[in-house]
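Each remark here refers to the structure printed beneath this line.
Just so it is clear, none of the values below were taken in a lab; they were calculated from the coordinates. Please read all numbers here as calculations on a predicted model, not as lab measurements. Heads up, the Cβs are rebuilt from the backbone with ideal geometry, glycines too, and the neighbour counts pull from every protein chain shown.
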Amino acid sequence: MPIVSVGRDKLFEALGEQFTDESFDELCFEYGIELDDVTSEQEMLQKGQGHAGETSCSSEEVLYKIDIPANRYDMLCLEGIARALNIFRGHIHNVQYTLGLPPGQKPLRMVVKPETALVRPFVACAVLRGITLDPVRYTSFLDLQDKLHQNLCRQRSLVAIGTHDLSTLQAPFTYEARPPADITFVPLKQQQEFSAAALLQHYLDHDQKLKKFVPIIKDSVVYPVLYDSRRTVLSLPPVINGAHSAISVDTKDVFIEVTGTDEVKTHTVLNMVCTMFSEYCKMPYQIEPVEVVDAFGHSQQTPRLQSRELDVEVSYISGCTGLDLKAGKMAELLSRMALSAKASSDGSSVHVQVPPTRSDVLHPCDVMEDVAIAFGFNNLNEKRR
């Protein structure tokens, strides 16, 4: 299961409450996650035999290493952990994510070229408009992308994320697939221009982190590439972004592009990045959609934030958990798990609306499990005895 490291003090600030290590560990247990370790950056470097210079420059900030279920992609960052626990504790209501455009503006457009079907056919985009970042938020934003790349994205083989400073780019955008020799740009953290073929060889020879992504596209006849209207390269997915549109703590408008070989996971990843960090936008939890025009001329707006719906029989939940609860009470419990729910008119089932953050909720058994978590596993055991 993924382990997420978050600053203890920033987490407590987001939770609006101070905890002891023991009381926070208990809260984690109640929710079904685990406080794996209490450490610091300095201590982690010392354990890893870091160089003396590294340890002297490292932070003594207390870090919580939290073990997250493998399918809870919404909890791979401080923002998601705090939001889930605040809803669970009844400190905030379920968050409603909305789509919205700046007054008088049409959606930005991403046009997909047919050749992308040969290598990486899917793309989804969004804008976080008027975002306010600081060093902690910026680091968390990058860390979330890394965690998604490691887990849901399968080391970028299925999905890759690119984030860009929109102020440096000019719409409309195109998603293309071109011969490696035809792609030239200055990549992130470099000063010189490379052809795509030369760049991948450079990473194979000199970059331990990026070299593992090179084989994903290296032998393709064409490489995927994203351009703005001035032919500025945004990224060469799934390997590297361009230096031109690099984001910083001062970035105010973030353009997000997600490419992949799996359509469902492409949209899931975009939803996670957008929903987690839209809380820092000028209009909190509002995300600016982008019009994506596919190779056949069909148009859709992304991200897809529609809730999914499930109807789960009360008898099924009761049979699995041993709980003798009315549908209305089950709906109350599910609201603690960020699931909007209500009893059916005859009380025989619970109608559940699954938000875009809860991609892990797919079947009645997932709803049943959330009822059990919200009721309390310790209480559940007592109830069954």
(message) How high is the relative contact order of the stretch 308-384? Use alpha-carbon pairs under 8 Å, at least six apart in sequence, and give a whole percent.
(response) 38
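Relative contact order (percent) for the stretch 3-88, with alpha-carbon contacts under 8 angstrom and 6 or more residues of separation? Each step should come with its number before you reach the end.
Details: 100 pairs, mean separation 37.1, N = 86.
In percent, rounded to a whole number, it is 43.
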(message) Per-residue counts of other Cβ atoms within 10 Å, averaged by peptide: what ranking do you get for 280-287, 268-275, highest first?
(response) 268-275, 280-287
(request) Can you tell me the 0 to 90 degree angle between the C-alpha axis of helix 364-375 and the longest principal axis of the chain, rounded to 10? (result) 60
(request) State, as an integer percentage, the relative contact order of the chain based on alpha-carbon contacts under 8 Å between residues 6 or more apart. (result) 20
(request) Step through the residues of the stretch 288-295 one at a time and calculate ³J(HN,Hα) from phi using the Karplus curve (6.51 cos²θ - 1.76 cosθ + 1.60, θ = phi - 60°), rounding each to whole Hz and writing x for Gly and Pro. (result) 8, x, 10, 7, 10, 9, 7, 5
(request) Give me 148, 27 ranked fewest to most by other Cβ atoms within 10 Å of their Cβ, as a rough exposure proxy. (result) 27, 148
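Using just the helices of the chain, give the 222 nm mean residue ellipticity in deg cm²/dmol: DSSP H runs with n ≥ 4 each add -39,500 (n - 2.57), and the total is spread over all residues, rounded to 500.
On the way: 12 runs with 122 residues, N = 385.
Here the helix-only value at 222 nm equals -9500 deg cm²/dmol.
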(message) Please rank 28, 365, fewest neighbouring Cβ atoms within 10 Å first, as an exposure proxy.
(response) 365, 28
(message) Compute the distance from the alpha-carbon center of the stretch 60-113 to that of the stretch 215-273, in whole Å.
(response) 20
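Return 15, 128 ranked ascending by Cβ neighbour count within 10 Å, so the fewest neighbours appear first. Can you show the working numbers first?
Values: 15 18, 128 26.
Fewest to most other Cβ atoms nearby, the residues stand as 15, 128.
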(request) Just the number, please: percent antiparallel of the DSSP beta bridges in the chain, rounded to the nearest 5. (result) 85
